[in-house]
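The values are calculated or read from the model by the stated rules, or taken from the named source; none is laboratory data. Predicted model, so just to flag it, every value in this text is computed and none were measured. Glycine gets a Cβ as well: all are built from the backbone with ideal geometry, and neighbour counts include every protein chain shown.
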Amino acid sequence: MKLSKLLGAAAFAAAALSTTGAVHAADYKSEYKLSIVVGTTFPWGQGAVIWSDLVRERTNGRINIKIYPGTSLVQGDQTREFTAIRQGVIDMAIGSTINWSPQVKELNLFSLPFLMPDYPAIDALTQGKVGAQLFEILSQKGVVPLAWGENGYRQLSNSKHAVQTPQDIKGMKLRVVGSPLYIDTFTALGANPTQMSWADAQPALASGAVDGQENPLSIYAGAKLYDVAQKYLTLWNYVADPLIFVVNKEVWGSWTPEDQKIVREAALEAGKREIVIARQGVTATDDSLLKDIEGHGVTVTTLSPEQIGAFAKVTQPVFDKWAKQIGPDLVKQAQADIAKR
Ligand code: X2X
């Protein structure tokens, strides 16, 4: 081959290469919409900030993530978030297992009453076989799951009186999240549960339309629920909701392998850091958040293992009913991994 021809071929190859590069860049959206339920001041929102900042820096701005708090891309209806990710209305999300459980029944696992007694139990599930299996299930549903985060142990608050026994919540009107499992749990306890989005819950608490609710302390304190008459708080660790970092499958496929790697690693790093933030201030060694809550005149009741046992006993039929729906093998695996923790 003559030198001129060779040079011509090389130039052609270079041009072709740069065209593919350009095609990739053109494929990329100018903004990727990331959905979360609460604001960026909450641990959950901090996770979103960390993830989007890391991705923007490490891709030199090729992947530009914009955070949409308040599940605003689905008008605040958090139980529709998962479907919207699959449909591409939402590009990526950090979602609570509770909010996605209407579409992914296995995610109800974490809502089985009194399954996970402590943080090592949560970790045994998310970081073990159960977590891997749940990611496998999610992968078959149009999303690419990347990492685990945490909303937290959901504690009970109300405006009426201290709750120590199942008897104490009889007849109480409680706002619950969007899985029928919660209706079953609180119905078994003799309460009067009503399902509502987080957006609707806050005015309902403020007006007294409902007496109480359940949420992690970071949400309770961050949303200043003590200012809407929620002066009684019971710590009972009955369920905890992990968070899952996901990307819509087509969006994922539109990125180069290098960028996919960056997004995945950033999600893992953000998830780890978010879990640390979510657990701050609510442990025996650091109870600063609890102290802060008490400073607002809140009566905090911490249940003993025996008192928790009384609630667990009443809700056992709900556990058994839902274990069948979730999948007995998955629940058994979870129980075995928790026992081994
Ligand atoms: O709605 C709730 O209670 C919240 C904010 O914790 C969830 O999105 C599951």
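Some notes on this structure:
- Scan of segment 49-82 for residues that are of a type in the set (S, T, Y) and touching a helix residue (DSSP H, G or I) at 6+ places or on another chain (Cβ under 8 Å), ordered by number: T59, T71, T79
- Within segment 92-114, tally of residues that are β-branched (V, I, T) and more than 10 Å from the ligand (Cβ to nearest atom): 2
- Exactly one residue out of T234, T299 is touching a residue at least 12 places away in the same chain (Cβ under 8 Å) and more than 23 Å from the chain's Cα centre (by Cα), and it is T299.
- Residue satisfying condition, being modelled with pLDDT of 95 or more and within 15 Å of the ligand (Cβ to nearest atom), within set Q167, Q127, Q78: Q78
- Put simply, of D168, D184, D211 the only residue that is among the acidic types (D, E), closer than 22 Å to E306 by Cα and surrounded by 18 or more Cβ atoms within 10 Å (Cβ to Cβ) is D168.
- Failed item in (1) modelled with pLDDT of 95 or more; (2) surrounded by 14 or more Cβ atoms within 10 Å (Cβ to Cβ), with V282 passing the rest: (1)
- K33 at pLDDT 95 or above, in a strand (DSSP E or B) and away from the ligand (no atom under 16 Å from the Cβ): yes
- Test for A132: is it away from the ligand (no atom under 16 Å from the Cβ), of a type in the set (G, A, S) and in contact with an Asp or Glu (Cβ under 9 Å, 6 or more places away or on another chain): no
- Of all residues in segment 197-225 being over 24 Å from I275 (Cα atoms) and away from the ligand (no atom under 13 Å from the Cβ), the one that is nearest to the chain's Cα centre (by Cα): P203
- Filter result for L54 (more than 16 Å from the ligand (Cβ to nearest atom) and at pLDDT 95 or above): yes
- Filtering segment 57-75 to residues that are crowded, with 21+ Cβ neighbours inside 10 Å and away from the ligand (no atom under 16 Å from the Cβ) leaves I63, I65.
- Note on segment 171-181: residues that are of a type in the set (G, A, S) and either touching a residue at least 40 places away in the same chain (Cβ under 8 Å) or crowded, with 22+ Cβ neighbours inside 10 Å (or both) total 2.
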